[in-house]
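Encoded as structure tokens, the structure appears first; notes follow it.
None of the figures in this text is laboratory data; all of them are computed from the coordinates on show. If you're wondering where the values come from, they're calculated on a predicted model, not measured in any experiment. Please note: Cβ atoms are built from the backbone with ideal geometry, for glycine as well, and neighbour counts cover all protein chains shown.
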Amino acid sequence: MKRILIVGSTGQIGSELSTRLRSIYGASNVICGYYTPPYPDGFFEAGPTMEINALHIEQIAEAVSRQGVDTIYNLVAILSATAEKHPKLGWDVGTGSLMNCLDVAREYGCAVFTPSSIGAFGPDTPKDDTPQDTIQRPNTIYGITKVLGELVSDYYFHRWGVDTRSVRFPGIISSVTPPGGGTTDYAVDIFYKAVLGEEFVCPIAAGTFMDMMYMPDALDAAIAIMEADPARLVHRNSFNVASMSFDPEMICAEIRKHIPDFRMRYEVDPLKQHIADSWPNRLDDSCARDEWGWQPSFDIARTTADMIGKLKVKLG
Ligand code: AKB
């Protein structure tokens, strides 16, 4: 049985990963580190919590030693668009939390999951069927911190045997906690507007394809990689994972199958478009499939139906 610490547990991924991990490993075995409000409903009642500023290494070390933690999920990040507006903050938070988690893991013998992203690729990366091992020269501070995360995590594994593992997440779609400050956020916002019967103003241009993933698949990936047989892992930091790729026109058409009068118009955000243009259209995730059996369950049709159903309940 694992003893898990989630650093950054109240964000888009953390708020759902904590519930899923607790259902597998037991509520008392998953300690949720929190720092920035808002806190999910029932957060303080669902299991153990600790206030942790990921930039203060002693707070992570105290949680790990006091709670007997053996696995750290480090979910702290400033997403791509916000990090472009505040590069120093993006760098400090991305690299500070990373190095602190790795150093604590090294001292206490923990495994570490630090998500990478499609943002770890850049304009020179092959856009279609982006290979696992390819050119990584991102032109965003977020992407640079993600490449650093991949490299330094592999370094800690090879140099000190720290069990570091990771996946490159696409844009994540969920009806629970909204994302904030990402380039792929439009793929969540569009559902809220559609279900509320409002027009959606799309910040990303038609024809811009990016990988996306429904949250249940993202949670499966984050858990399966940490459960994978290490003897089968050729790669560690970080695996391409994919389940669907679409542009705004495709997701709009899919939503209209459920909400025929849904309206969308474009007001392209130059910053987000610049970032999106530098990212791949679709990743090749065959290494994840071969090395640890990655297999997504949700395509664009299933994701759309599930999102609309859930948001109709949530938004009344
Ligand atoms: C973002 O858009 O910044 C994130 C990501 C793809 O890593 N959702």
*Relative contact order, percent, of region 109-266 when contacts are C-alpha pairs under 8 Å separated by at least 6 residues?*
27
*Counting only DSSP beta bridges with both residues in region 151-308, tell me the antiparallel percent, nearest 5.*
25
*What percent does the relative contact order of the chain come to when contacts are Cα pairs within less than 8 Å and at least six residues apart?*
18
*Hey, fewest Cβ within 10 Å first, where do M213, M250 land in order?*
M250, M213
_Quick check on the chain: of the DSSP beta bridges with both residues there, what percent are antiparallel, nearest 5%?_
10
*Between S28 and D290, what is the spin-label point distance in nm, taking each point 7 Å from the Cα along the Cα→C-beta axis?*
4.4
*Nearby lysines by direct alpha-carbon distance to K257 (threshold 18 angstrom, same-chain neighbours under 8 apart not counted)*: K193, K310, K312
*F200's amide H: which non-local residues (gap 5+, or another chain) put their own amide H closer than 5 Å, with H modeled 1.01 Å from N in plane and none for Pro or chain starts?*
R263, M264, R265
*Given Cα pairs under 8 Å that are at least 6 residues apart, what percent is the relative contact order of region 57-182?*
30
*Using only the Cα atoms of region 230-316, build the gyration tensor, take square roots of its eigenvalues as a ≥ b ≥ c, and label the shape rounded, prolate or oblate: rounded if a/c is under 1.5, else prolate if a/b is larger than b/c, else oblate.*
oblate
*Taking only DSSP H segments of four or more residues, each worth -39500 (n - 2.57), what value at 222 nm results for the chain once the sum is divided by all its residues, to the nearest 500 deg cm²/dmol?*
-13500 deg cm²/dmol
*Once the piece of chain linking K127 and A205 is laid out straight, how much longer is it, given 0.36 nm per residue of separation minus the C-alpha distance between them?*
26.4 nm
*Assuming a ≥ b ≥ c are the square roots of the Cα gyration tensor eigenvalues, decide whether region 57-135 counts as rounded (a/c under 1.5), prolate (otherwise, with a/b larger than b/c) or oblate.*
oblate
_Euclidean distance between Cα centres, region 208-264 to region 56-115, Å_ = 24
*asked:* Between E227 and H274, what is 0.36 nm times their sequence separation minus the Cα-Cα distance? Round to one decimal in nm.
replied: 13.3 nm
*asked:* Only counting other Cβ atoms within 10 Å, I'd like D217, D154 sorted with the fewest neighbours first.
replied: D154, D217
*Using label points projected 7 Å from each Cα along Cα→Cβ, tell me how many nm separate E45 and K88, to one decimal.*
4.3
*asked:* Output the 0 to 90 degree angle, nearest 10, between the alpha-carbon long axis of helix 215-227 and the longest principal axis computed from the alpha carbons of the chain.
replied: 30
*Once you put a point 7 Å from the Cα of S297 and another 7 Å from the Cα of S65, both along the Cβ direction, what distance in nm separates them?*
4.1
*Shape call, the chain: gyration tensor on alpha carbons, a/c limit 1.5*: prolate
*Where does helix 300-314 land angle-wise versus the long Cα axis of the chain, in degrees 0 to 90, nearest 10?*
90
